[in-house]
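What follows is a set of notes on a single structure, which appears directly below.
The values are calculated or read from the model by the stated rules, or taken from the named source; none is laboratory data. Just so you know, these numbers come straight off a predicted model, no measurement behind them. Positions of Cβ are backbone-derived with ideal geometry, glycine not excepted, and every protein chain shown enters the neighbour counts.
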Amino acid sequence: MADLIQQIEKEIQGLRLKSTKENIGRVIEVGDGIARIDGLSDAQYSELLQFEGGITGLALNLERDEIGAVIFGDFTEVKEGTVVKTTGRILQVPVGEKLVGRVVNALGNPVDGKGKIESKTNYPVEKIAPGVITRESVRTPLLTGIKAIDAMTAIGRGQRELIIGDRNTGKTTVAIDTIINQSDVICIYVAIGQKTSKVAQLVAKLEEHGAMKHTIVVAATASDSATMQYIAPYSATAMGEYFMDQGKDVLIIYDDLSKHAQAYRQMSLLLRRPSGREAYPGDVFYLHSRLLERSAKLNKDFGGGSITALPIIETQAGDISAYIPTNVISITDGQIYLESDLFYAGIRPAINVGLSVSRVGGSAQTKAMKSVAGPLRLDLAQYRALAAFAQFSSDLDPTTKAQIERGKRMTEVLKQPPYSPVPMEEEVVILYCATKGFLDEIEVDKIKEFEARFLEQLRLRHKKLLGEIKEKRELDEKLSKELEKVTKEFISTFQKTTKKDKR
Amino acid sequence: MTKRKLKQLAINASQASFKNGKVVDSKARSFIKLFKQLPTSKAVLALKEYQKALKYQLEKHTLEIESTTPLSVSEVKKISNQFKDLSVSNIVVRLNPDLLGGIKFRIADTVYDYSISDKIRQVKEAING
């Protein structure tokens, strides 16, 4: 206690108190999280404002006679006549290692009940994206652990890859699987406008898989104000930029930007800004472009860190040509399109391989994956083209039949249960079997059983082979021959076993 | 005449109604008479804007002094001389015991705080970090 008093006295003695000059205003109208303020002639755009009683706000509308500000926190505390001051600061959030493993709100305050977060560093919520000179091209893969994605729409560190689809098509599951598969990447999951129960389930799932130890969850749920939902993605990006500036890799998932656009629309309409298409304000493109441009791969001179963004957009009735989806598609470096029809047909993840693309492509794949995944896209495209004839398979020529059968097996291999990411070396092995035709002899309904048993066999008896693929990241001639030998041996054993079971 | 032009007209009229920091009654009355001649909806808008602009002009030239104890005439004169450059023509003095000590000035939306309560607030902020 004596030490504490001494410390306080020392701090007071060291203080240089000065007279202050402040710019003030008074609230003339308040409601729905928006305050109209008279005065504040020196207020700047996006400046943090201090209301009487400790509530903060952001100056967003600078008009001739008044300021339109959004209020953070409980706006019912603000009344007409409340004095407002400018602070001379822009909105900042606490950043640092102490946030990892925690659930915070859009202002960086903890909401998981695990105590206060001591942070010495603050980063601005709004920041200009890294320039051209500071960047380098995306080369390092970010493995999702989902075979379909890592094989055909590979994502690199520093890329922006959109996950788009209707409700309940597995968008969040793809994102969570990606987080679970990471080990050296700091992950940030931003929940915008979602149910609080869903966020709680998600956090529990991440904890179950040990993924919370490298994850920050920023929650601006449906019960939070539109203002909090609006700044949540920017706050989360600021938290990611702290790690990027230290040379680390960050993965950030915005779930979802459709609700983010709706929150911004609500705010803009309440601020009486002119509305445009679908009642969105005119700068709704800039809302997302300035957010996603902050995800980049920096060159070695600037630390070599990266932020990979996986924004999620929810479409209505599969319409990817709507306003917000087309905006975000044009900003990102590719999209993963999830279809309801595929989902209900049992193909999960329900990725439409034809419409999904990664503009980074093979640059973000290991050599091993490139060598096995090359024919996959083409084979699946041919299968899709011939799929309509599948019901008449008895009338088709042998080549066409073989292509259809190959396609069925590849589709079966690409199915994957949720929350079960597959390591890179195992993905390579199983895709090798599929593309080299080793699975042609296995019945379609036995493919999953084959996959599980084959991988188990490799883990138990051929650990060295898997280790070498993981280390070298390529299938050289020696490894290919060894893998071929092991595969053939296992297939003959497997077929004998399945024949015995049938009897 | 558009709303924007009407607003601008009202602002110009308010500036013209002021001389040496005070409202010139005759000019104000003539502007009000002029605005009343407009169609009703425009007249209402113009008068509203004129009133707002006049209020702003008044605040710009008014110095509000808050102190904990009453000030003498010479003290008030000394203070107003310090603000000569800001063309202050009206002075309002108020007692505010919440200041605890010292003095506080306000011109329009700018506040110069030399009070003890403000110093205490600075200490509190410094300790809280």
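Scanning the stretch B:86-129 for residues that are within 12 Å of chain A (Cβ to nearest Cβ) and in a strand (DSSP E or B) turns up B:GLY102, B:ILE103, B:LYS104, B:PHE105, B:ARG106, B:ILE107, B:THR110, B:VAL111, B:TYR112, B:ASP113, B:TYR114, B:SER115. Residues considered: A:SER289, A:SER258. Of these, the only one that is more than 24 Å from A:ILE90 (Cα to Cα), at pLDDT 95 or above and in a helix (DSSP H, G or I) is A:SER258.
Criterion applied to A:GLY334, A:GLY282 was being closer than 22 Å to A:TYR234 by Cα and crowded, with 17+ Cβ neighbours inside 10 Å, and the one residue passing it is A:GLY334. Every condition in (1) closer than 24 Å to A:GLN229 by Cβ; (2) more than 10 Å from every other protein chain (Cβ to nearest Cβ); (3) in contact with a strand residue (DSSP E or B) (Cβ under 6 Å, 6 or more places away or on another chain) holds for A:ALA43 except the one numbered (2).
Here B:LYS48, B:LYS77, B:LYS7, B:LYS19 are screened, and the one residue that is surrounded by fewer than 12 Cβ atoms within 10 Å (Cβ to Cβ) and touching a helix residue (DSSP H, G or I) at 6+ places or on another chain (Cβ under 9 Å) is B:LYS19. Of all the listed residues (B:SER26, B:SER30, B:SER14, B:SER67), the sole one being among the polar types (S, T, N, Q), out of contact with any Cys (no Cβ under 7 Å at 6 or more places or on another chain) and surrounded by fewer than 12 Cβ atoms within 10 Å (Cβ to Cβ) is B:SER26. Contact map, the stretch A:8-21: first residue within 13 Å of B:GLU125 (Cβ to Cβ) and within 7 Å of chain B (Cβ to nearest Cβ), second residue of a type in the set (Asp, Glu) and surrounded by 10 or more Cβ atoms within 10 Å (Cβ to Cβ), Cβ cut-off under 8 Å, separation 6 or more or different chains; pairs are A:THR20/B:ASP113; A:THR20/B:ASP118.
Considering (1) farther than 25 Å from A:ASP177 by Cα; (2) surrounded by fewer than 22 Cβ atoms within 10 Å (Cβ to Cβ); (3) in contact (Cβ under 8 Å) with a residue 60 or more places away in the chain, the lone condition that A:ILE324 does not fulfil carries the number (2). Criterion applied to A:GLY33, A:GLY113, A:GLY68, A:GLY57 was being exposed (fewer than 12 other Cβ atoms within 10 Å of the Cβ), farther than 20 Å from B:ASN128 by Cα and under 34 Å from the mean Cα position of the chain (by Cα), and the one residue passing it is A:GLY113.
Residue-wise test of (1) surrounded by 24 or more Cβ atoms within 10 Å (Cβ to Cβ); (2) in contact (Cβ under 8 Å) with a residue 24 or more places away in the chain; (3) touching a strand residue (DSSP E or B) at 6+ places or on another chain (Cβ under 8 Å).
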{"residue": "A:ASP184", "(1), (2), (3)": "no, yes, yes"}
{"residue": "A:ILE188", "(1), (2), (3)": "yes, yes, yes"}
{"residue": "A:ILE192", "(1), (2), (3)": "yes, yes, yes"}
{"residue": "A:LYS195", "(1), (2), (3)": "no, yes, no"}
{"residue": "A:SER223", "(1), (2), (3)": "no, yes, no"}
{"residue": "A:THR237", "(1), (2), (3)": "yes, yes, yes"}
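Every condition in (1) in a loop (DSSP other than H, G, I, E, B); (2) at pLDDT 95 or above holds for A:ILE329 except the one numbered (1). Out of all the residues in the stretch A:403-417, is one or more under 18 Å from A:ILE347 (Cα atoms), assigned to a helix (DSSP H, G or I) and over 34 Å from the mean Cα position of the chain (by Cα)? For the stretch A:403-417, residues under 18 Å from A:ILE347 (Cα atoms), assigned to a helix (DSSP H, G or I) and over 34 Å from the mean Cα position of the chain (by Cα): present. Kindly check whether there is at least one residue in the stretch B:72-81 that is away from chain A (no Cβ under 14 Å), part of a helix (DSSP H, G or I), among the hydroxyl-bearing types (Ser, Thr, Tyr) and touching a strand residue (DSSP E or B) at 6+ places or on another chain (Cβ under 6 Å). Yes; the residues of the stretch B:72-81 include at least one that is away from chain A (no Cβ under 14 Å), part of a helix (DSSP H, G or I), among the hydroxyl-bearing types (Ser, Thr, Tyr) and touching a strand residue (DSSP E or B) at 6+ places or on another chain (Cβ under 6 Å).
Here A:THR497 fits the description: out of contact with any Ser or Thr (no Cβ under 6 Å at 6 or more places or on another chain), exposed (fewer than 15 other Cβ atoms within 10 Å of the Cβ) and hydroxyl-bearing (Ser, Thr, Tyr). The residue pairs whose first member lies in the stretch A:480-497 and is of a type in the set (Val, Ile, Thr), whose second member is loosely packed, with under 14 Cβ neighbours inside 10 Å, and whose beta carbons are closer than 8 Å, counting only pairs six or more residues apart or on different chains, are A:ILE491/A:GLU441.
Residues that are part of a loop (DSSP other than H, G, I, E, B) and in contact (Cβ under 8 Å) with a residue 12 or more places away in the chain within the stretch A:119-132 comprise A:SER119, A:LYS120, A:VAL125, A:GLU126, A:LYS127, A:ALA129, A:PRO130, listed in sequence order.
Out of B:GLU59, B:GLU64, one residue alone is under 30 Å from B:LEU9 (Cβ atoms), within 14 Å of chain A (Cβ to nearest Cβ) and either at pLDDT 90 or above or in contact with a His (Cβ under 6 Å, 6 or more places away or on another chain) (or both). It is B:GLU64.
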